[in-house]
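First the structure, in the form of structure tokens, and then the observations on it.
Laboratory data are not the source of any read-out in this text; all were calculated from the coordinates shown. It should be emphasised that the depicted structure is a prediction, and the values quoted were computed from it without experimental measurement. Positions of Cβ are backbone-derived with ideal geometry, glycine not excepted, and every protein chain shown enters the neighbour counts.
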């Protein structure tokens, strides 16, 4: 469905880039410590990107409509996740609500 | 001979410490395989992601932007932004692996995902006296079996995805995965504020071309997180 050169360019650049990030300090910078402020910022790299990716997909489906069930399932994941601190519990609850109720309708 | 013995001992201990993570990585990798196949990737491409990138959240990020036909560089940069946390892991392990020959550090870098880093840093606190070679074995003992599991479950997920109908709204599994990853972090105020900035910013900048609003929002969120953390620390030290 995707153009194969599009997919492989992404895979190779992302693979090489990820390896370089992992190699960075271990490989090249040696024993020099990270600047404190940068280190502070990097702590938030997951929470800075992932919620932004979620928001549009939760608010509109592929046809561009608002689907209340998505918002309900997302809220369930967040509440259960904050409460239980368990990835598996929150994601299974969310997927069960969304795909379960969708299958029933 | 001696070094090999301690390497293997570390490896065995690492293997047992990392094993519980299989419960998380197994379903997550399978989900990636299903979503990727549903999005239209073939089996080789799906496996290419899991073998060459070997970072779940970044793989799903890339997929989500590919679903929106974002340009190559935007897909790559946004997914790399998710992986920037690994620079911290790399910096934290320099003290322990930094004096190994280049090839060993290159190999260690490939396997540096969340779980091996987490277990190794816990082990560094618990067993500070562990010899370097044994520590390296421990690290790879966590990483390699979980990495191989990641390939296998990706393959299983891709096969399963081929059997599922394509119109069941599988793209919802993307935010489901991410919210579940992020939710446990939201008890901390700076994390919560960064997450909120990311959502508000992405929605506010939605009209910017090529999904660049997402990256701009991420940058703001990083600053918000770091600033609030700094202020909380200052206040805490003022209280004492």
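Using the rule -39500 (n - 2.57) for each DSSP H run of four or more residues, divided by the residues of chain A, the 222 nm mean residue ellipticity is -24500 deg cm²/dmol.
Taking the C-alpha atoms only, the angle from helix A:87-104 to the longest principal axis of chain A is near 40 degrees. Each label was represented as a point 7 Å from its Cα along the Cα-to-Cβ direction; for residue A:37 and residue B:19 these points are 4.7 nm apart. Projecting label points 7 angstrom from Cα along Cα→Cβ for residue A:62 and residue A:28 puts them 4.0 nm apart.
Site pair residue B:121 and residue B:187 shows an inter-label distance of 1.7 nm when each label is modelled 7 Å from Cα along Cα→Cβ.
Convex hull over the Cα atoms of chain B, averaged projected area in nm²?
Details: hull surface 63.0 nm².
So the Cα hull casts an average projection of 15.7 nm².
Using only alpha carbons, chain A has a radius of gyration to Kirkwood radius ratio (Rg to Rh) of 1.10. What angle, in degrees between 0 and 90 and rounded to the nearest 10, separates the Cα long axis of helix A:45-59 from the longest principal axis of the Cα atoms of chain A? Result, in degrees: 30.
Can you give the extra length, in nm with one decimal, that the chain gains between residue B:163 and residue B:219 once fully stretched, where that is 0.36 nm per residue apart less the Cα-Cα distance? Don't jump to the answer; show the numbers that get you there.
Working: separation 56, 0.36 × 56 = 20.16 nm, distance 3.94 nm.
Contour length minus the Cα-Cα distance gives 16.2 nm.
Taking 20 °C and 1.002 mPa s as conditions, the stretch B:7-94 diffuses translationally at an estimated 145 µm²/s according to Stokes-Einstein applied to its Kirkwood radius (Cα pairs).
Scaled against the 2.2 N^0.38 Å expected of a compact globular protein of N residues, the Cα radius of gyration of the stretch B:139-219 reads 1.49.
Dividing the Cα radius of gyration of the stretch B:188-240 by 2.2 N^0.38 Å, with N the residue count, gives 1.36.
Label reach from residue B:152 (point 7 Å along Cα→C-beta): in the stretch B:35-56, amide nitrogens under 16 Å belong to B:51. In percent, rounded to a whole number, the relative contact order of chain B is 33, using alpha-carbon pairs under 8 Å and six or more apart.
Please give the FRET efficiency for residue B:95 paired with residue A:1, using the beta carbon to beta carbon distance and R0 = 56 Å, rounded to the nearest 0.05. If you can, show how the numbers build up before the last one.
Details: r = 46 Å, r/R0 = 0.82.
The value I calculate is 0.75.
If contacts are Cα pairs under 8 angstrom and at least 6 residues apart, what is the relative contact order of the stretch A:45-104 in percent?
Values: 35 pairs, mean separation 13.6, N = 60.
Computed over the stretch A:45-104, the figure is 23 percent.
An oblate overall shape is assigned to the stretch A:45-104, the ratio a/c of its alpha-carbon gyration tensor axes (a ≥ b ≥ c) being 1.5 or greater and a/b not exceeding b/c.
State, to one decimal in nm², a quarter of the convex hull surface area for the C-alpha atoms of the protein assembly as shown, i.e. the direction-averaged projected area.
The number I arrive at for the protein assembly as shown is 18.5 nm².
Of interest is the spacing of the C-alpha centroids, which for the stretch A:4-27 and the stretch B:166-206 amounts to 24 Å.
As a length-normalised measure over Cα pairs under 8 Å and 6 or more apart, the relative contact order of chain A settles at 13 percent. To the nearest Å, what is the center-to-center distance of the stretch A:46-77 and the stretch B:21-57, using C-alpha atoms only? Result: 21 Å between the Cα centres.
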